[in-house]
Amino acid sequence: SSGFSRGALVVAEVALTLVLLVGAGLLIKSLWRVMRINPGFNPEGALTMQVSLPESEYGGAARKIAFYRQLLERLKSVPGVEAAGMINNLPMGGVNINGQFGVAGRPQDQYRYAGYRVVSPDYFRAMNIPLRTGRYFTDQDSESSEPVAIISRRVAETFFRNENPLGKRVLSVNDASREEFDQAEKWPKIVGVVGDVKHFGLESKESADLYFCYAQRPRRVGDMSVTVRTDIEPAALALTLRQEVKKLDANLPVSFEAMGQ
């Protein structure tokens with residue numbers, strides 16, 4: 001009886017081990033499949049830095065824009081930095097800002113939803129997000145120049161079927177004044193189309209995104225995620241980047257994370 005019990009226990013243990021092994025194998029296979037998914041950007045070699053400008057010290061749009069302009073210039077000059085850009089909410093960062101947008105010449109009942117992204121000119125290069133047509137933002141897209149926008153491939157294919165989106169004008173309801181609604185000729189003009197990005201996770205669909213230049217949307221640049229692309233170990237660069245921030249503001253708190261995480 002005891003021999004039978006021991007035998008049954010061994011069989012049960014072997015069966016349980018097989019179940020665990022099969023489960024682990026499936027988990028590894030699932031993880032491997034997810035990790036092979038292209039997120040639309042290249043996380044390797046990218047370091048992110050979260051910056052939050054206190055309103056008490058950086059009240060007013062001009063001060064915020066001036067700070068970020070100086071910061072990005074400093075970061076670009078650091079040895080080992082290939083590109084430095086920023087966005088209001090990083091892909092897969094757990095925060096998403098979206099809203100309705102309209103296309104000039106179309107009625108309001110045709111407004112649709114898309115992600116609202118405010119970026120600096122070199123953000124796409126820092127993240128290795130490919131340009132499909134048109135151009136990226138440049139430093140000439142400033143506070144005093146014509147407002148411009150970039151759209152993702154999904155927006156182009158979904159909302160501009162059989163027509164060229166370049167030159168069309170779009171307006172995001174998220175950041176539009178009443179005056180802008182009434183002046184469609186002053187809406188941001190689409191100058192480029194970039195690749196799609198998975199903003200919500202590797203197993204999610206690519207999001208439809210509108211990108212606007214930070215210098216032209218200063219009300220949205222209090223909290224920004226700065227991304228630096230480097231050809232050296234990203235973590236080794238954090239101390240140098242922190243020192244560059246402190247040269248501009250010794251009291252400004254910043255946090256770092258490798259984009260690969």
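The values are calculated or read from the model by the stated rules, or taken from the named source; none is laboratory data. These numbers were taken from a predicted model, which means no experiment stands behind them. A quick note on method: Cβ atoms are made from the backbone with ideal geometry, for glycine too, and the neighbour counts reach across all protein chains shown. What goes into the accessible areas is simple: the full protein's heavy atoms, side chains included, and nothing from ligands, DNA or RNA. Shrake-Rupley method; radii C 1.70, N 1.55, O 1.52, S 1.80 Å.
Scan the stretch 180-199 and tell me whether some residue there is under 30 Å from residue 55 (Cα atoms), aliphatic (A, V, I, L, M) and crowded, with 17+ Cβ neighbours inside 10 Å.
No, the stretch 180-199 contains no residue that is under 30 Å from residue 55 (Cα atoms), aliphatic (A, V, I, L, M) and crowded, with 17+ Cβ neighbours inside 10 Å.
For the stretch 159-173, enumerate the residues that are within 14 Å of residue 210 (Cα to Cα) and either open to solvent by 60 Å² or more (accessible area, probe 1.4 Å) or of a type in the set (Phe, Trp, Tyr) (or both). Give the derivation first.
Within the stretch 159-173, the first condition is being within 14 Å of residue 210 (Cα to Cα), and the residues that meet it are 159-160, 165-166, 168-173.
Correct list: 159, 160, 168.
Quick one: residue 245 ticks every box in (1) part of a helix (DSSP H, G or I); (2) open to solvent by 10 Å² or more (accessible area, probe 1.4 Å); (3) touching a strand residue (DSSP E or B) at 6+ places or on another chain (Cβ under 6 Å) bar one, so which box is it?
Result: residue 245 passes all but (2).
I need the full set of residues from the stretch 184-205 which are of a type outside the set (Gly, Ala, Ser) and at pLDDT below 80, in order please.
200, 202, 203, 205
Considering only the stretch 146-157, I want to know if a residue exists there that is within 20 Å of the chain's Cα centre (by Cα), surrounded by fewer than 19 Cβ atoms within 10 Å (Cβ to Cβ), in contact (Cβ under 8 Å) with a residue 60 or more places away in the chain and more than 21 Å from residue 92 (Cβ to Cβ).
There is no residue in the stretch 146-157 that is within 20 Å of the chain's Cα centre (by Cα), surrounded by fewer than 19 Cβ atoms within 10 Å (Cβ to Cβ), in contact (Cβ under 8 Å) with a residue 60 or more places away in the chain and more than 21 Å from residue 92 (Cβ to Cβ).
Look through 90, 71 and report the one residue that is touching a Leu at 6+ places or on another chain (Cβ under 9 Å), within 27 Å of residue 244 (Cα to Cα) and open to solvent by less than 60 Å² (accessible area, probe 1.4 Å).
So the residue among 90, 71 that is touching a Leu at 6+ places or on another chain (Cβ under 9 Å), within 27 Å of residue 244 (Cα to Cα) and open to solvent by less than 60 Å² (accessible area, probe 1.4 Å) is 71.
Could you tell me which of the residues 123, 136 is open to solvent by less than 50 Å² (accessible area, probe 1.4 Å), more than 13 Å from the chain's Cα centre (by Cα), at pLDDT 95 or above and not β-branched (Val, Ile, Thr)?
136
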